[in-house]
Amino acid sequence: SLAGFGSLMQDVLWCFSQVKGTIDIGVAEADIISTVEFNHTGELLATGDKGGRVVIFQREQESKNQPHRRGEYNVYSTFQSHEPEFDYLKSLEIEEKINKIRWLPQQNAAYFLLSTNDKTVKLWKVSERDKRPEGYNLKDEDGRLRDPSMITMLRVPVLRPMDLMVEATPRRVFANAHTYHINSISVNSDYETYMSADDLRINLWNFEITNQSFNIVDIKPANMEELTEVITAAEFHPHHCNTFVYSSSKGTIRLCDMRTSALCDRHAKFFEEPEDPSNRSFFSEIISSISDVKFSHSGRYIMTRDYLTVKVWDLNMENRPIETYQVHDYLRSKLCSLYENDCIFDKFECVWNGSDSVIMTGSYNNFFRMFDRNTKRDVTLEASRENSKPRAILKPRKVCVGGKRRKDEISVDSLDFSKKILHTAWHPSENIIAVAATNNLYIFQDKVN
């Protein structure tokens with residue numbers, strides 16, 4: 001049950017495990033985590049990094065001897081998903097960095113996930129093997145082919161137990177369909193199709209067809225000098241396979257219905273909040289750009305994240321959001337320096353909890369924020385190795401804007417902008433969250449009494 005989230009806001013989070021403390025996979029650029037995603041049951045957690053690797057963690061099963069171990073995630077499989085490539089026609093290097101991972105619902109014993117870099121989407125199958133066949137007719141036990149003339153009897157192969165082996169095999173490669181960098185992939189609720197979005201186009205794919213896709217959104221102008229906005233994120237509705245949304249760098253959201261026309265150039269609904277003229281500044285357009293858009297699990301609401309706020313929109317009300325949460329409003333006075341160090345272009349993600357009652361997003365100094373939509377309470381927490389020992393309770397953090405600073409507060413001038421929480425994930429049915437801080441992955445669970 002998620003009804004006990006009050007204790008989560010009071011006692012904040014209980015760090016039960018960080019997969020052997022903190023999952024520290026190194027400090028190189030390639031080891032920086034670039035995406036985090038739970039599967040539909042929450043039993044598996046996948047991370048992708050800038051080195052093109054995918055690491056999957058599996059939740060430990062509860063044992064009578066160690067009931068507290070239920071919930072710990074340990075490494076299940078690691079594989080290289082993407083390699084660096086070079087586009088010879090455009091003389092451009094294509095990074096191996098994993099931009100997004102999306103799980104498909106489990107249909108059999110194997111698991112399937114989509115992973116993408118800037119240009120290519122791959123469908124991976126992750127399966128287990130704990131038996132091996134023995135007693136081949138044409139091969140000896142070492143796998144060498146036998147002389148057919150020496151085979152005098154027919155043997156029936158048998159399956160023998162072996163140590164569990166997890167295999168990751170690429171089943172499909174969806175390539176050569178994007179001119180610009182892919183920023184989003186989303187699996188449709190029909191589980192037959194998915195979409196991939198780049199800066200100017202959104203393509204619809206069938207899982208069985210790799211050599212062609214269908215272009216459903218194209219905002220590229222005839223003259224690129226007339227370009228005024230780009231697509232920043234896109235997602236399918238969780239229940240209606242014909243509906244999807246995409247956000248733009250202008251802070252707008254478009255809801256499209258694929259039943260109206262093959263090319264969704266005309267939106268069904270257009271969500272935009274009028275700008276307050278008193279807040280207008282040089283940075284207004286930059287900070288209004290939406291970096292992430294997510295449907296609620298119910299499908300009734302849309303959540304968007306821009307640089308300073310998280311907003312919740314009702315699908316039935318287009319003119320303004322029904323809720324606005326300030327993530328780090330104390331940075332408003334720092335926008336000039338944030339522009340100079342390029343931090344103002346950071347793309348923060350946002351996630352819902354399983355019941356859509358709480359939302360979470362990241363900030364700087366390895367802080368991440370939680371907002372309870374029912375009680376309107378919020379909390380700032382820190383993911384750091386110093387503060388996060390196994391089974392320790394995280395303490396709320398507060399940022400002091402000016403004047404006298406209390407003992408437990410941190411000054412806004414002391415924030416470390418190189419430490420940022422861009423990627424987070426929430427277990428689909430329990431209060432378990434995963435937070436990626438540079439090359440460390442933190443997993444937290446609410447306090448168990």
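Within the option set THR232, THR252, THR260, THR228, being touching an Asp or Glu at 6+ places or on another chain (Cβ under 6 Å) and either hydroxyl-bearing (Ser, Thr, Tyr) or surrounded by 14 or more Cβ atoms within 10 Å (Cβ to Cβ) (or both) holds for one residue only, THR252.
Within the set LEU138, LEU89, the sole residue that is open to solvent by 50 Å² or more (accessible area, probe 1.4 Å) and either in contact (Cβ under 8 Å) with a residue 40 or more places away in the chain or in contact with a Lys or Arg (Cβ under 7 Å, 6 or more places away or on another chain) (or both) turns out to be LEU138.
Are any of the residues in the range 387-394 polar (S, T, N, Q), open to solvent by less than 30 Å² (accessible area, probe 1.4 Å) and in contact (Cβ under 8 Å) with a residue 24 or more places away in the chain? Working first, answer last.
The first filter runs over the range 387-394 and keeps only residues polar (S, T, N, Q), leaving 387-388.
Still in the running and open to solvent by less than 30 Å² (accessible area, probe 1.4 Å): 388.
This time we only want the ones that are in contact (Cβ under 8 Å) with a residue 24 or more places away in the chain, so: 388.
Looking through the range 387-394, at least one residue is polar (S, T, N, Q), open to solvent by less than 30 Å² (accessible area, probe 1.4 Å) and in contact (Cβ under 8 Å) with a residue 24 or more places away in the chain.
Has the range 433-448 got at least one residue that is touching a strand residue (DSSP E or B) at 6+ places or on another chain (Cβ under 8 Å), of a type in the set (Gly, Ala, Ser), surrounded by fewer than 21 Cβ atoms within 10 Å (Cβ to Cβ) and farther than 27 Å from LYS334 by Cβ? No, because not a single residue in the range 433-448 is touching a strand residue (DSSP E or B) at 6+ places or on another chain (Cβ under 8 Å), of a type in the set (Gly, Ala, Ser), surrounded by fewer than 21 Cβ atoms within 10 Å (Cβ to Cβ) and farther than 27 Å from LYS334 by Cβ. Within this structure, PHE444 fails the test of being in contact with a Cys (Cβ under 9 Å, 6 or more places away or on another chain), among the aromatic types (Phe, Trp, Tyr), outside any strand (DSSP E or B) and modelled with pLDDT of 90 or more.
Inclusion of PHE295 among residues that are in contact (Cβ under 8 Å) with a residue 40 or more places away in the chain, farther than 23 Å from THR380 by Cβ and surrounded by 18 or more Cβ atoms within 10 Å (Cβ to Cβ) is warranted.
Look at SER281 and say whether it is within 19 Å of LEU415 (Cβ to Cβ) and either modelled with pLDDT of 95 or more or surrounded by fewer than 17 Cβ atoms within 10 Å (Cβ to Cβ) (or both).
Working: within 19 Å of LEU415 (Cβ to Cβ): no; either modelled with pLDDT of 95 or more or surrounded by fewer than 17 Cβ atoms within 10 Å (Cβ to Cβ) (or both): yes.
Criteria not met by SER281.
Looking across the range 115-167, the residues that are among the β-branched types (Val, Ile, Thr), farther than 30 Å from LEU204 by Cα and not in a strand (DSSP E or B) come down to ILE151, THR152, VAL156. Just one of the listed residues (ASN176, ASN117) is open to solvent by less than 50 Å² (accessible area, probe 1.4 Å) and not acidic (Asp, Glu), and it is ASN117. Identification of strands (runs of 3 or more DSSP E) wholly contained in the range 319-376 with 3 or more residues that are open to solvent by less than 10 Å² (accessible area, probe 1.4 Å) and touching a strand residue (DSSP E or B) at 6+ places or on another chain (Cβ under 8 Å) yields 358-362, 367-372.
When ASP416 is tested against (1) touching a residue at least 24 places away in the same chain (Cβ under 8 Å); (2) outside any loop (DSSP other than H, G, I, E, B); (3) not hydrophobic (A, V, I, L, M, F, W, C), exactly one condition is not met: (2).
Among the residues that make up the range 145-152, is at least one of them touching a Lys or Arg at 6+ places or on another chain (Cβ under 9 Å) and open to solvent by 30 Å² or more (accessible area, probe 1.4 Å)? The answer is yes, given that some residue of the range 145-152 is touching a Lys or Arg at 6+ places or on another chain (Cβ under 9 Å) and open to solvent by 30 Å² or more (accessible area, probe 1.4 Å).
The values are calculated or read from the model by the stated rules, or taken from the named source; none is laboratory data. If you're wondering where the values come from, they're calculated on a predicted model, not measured in any experiment. Cβ: placed from backbone, ideal geometry, glycine included. Neighbour counts: every protein chain shown. Side chains are part of the model used for accessible areas, which takes the heavy atoms of the whole protein and leaves out ligands, DNA and RNA. Shrake-Rupley method; radii C 1.70, N 1.55, O 1.52, S 1.80 Å.
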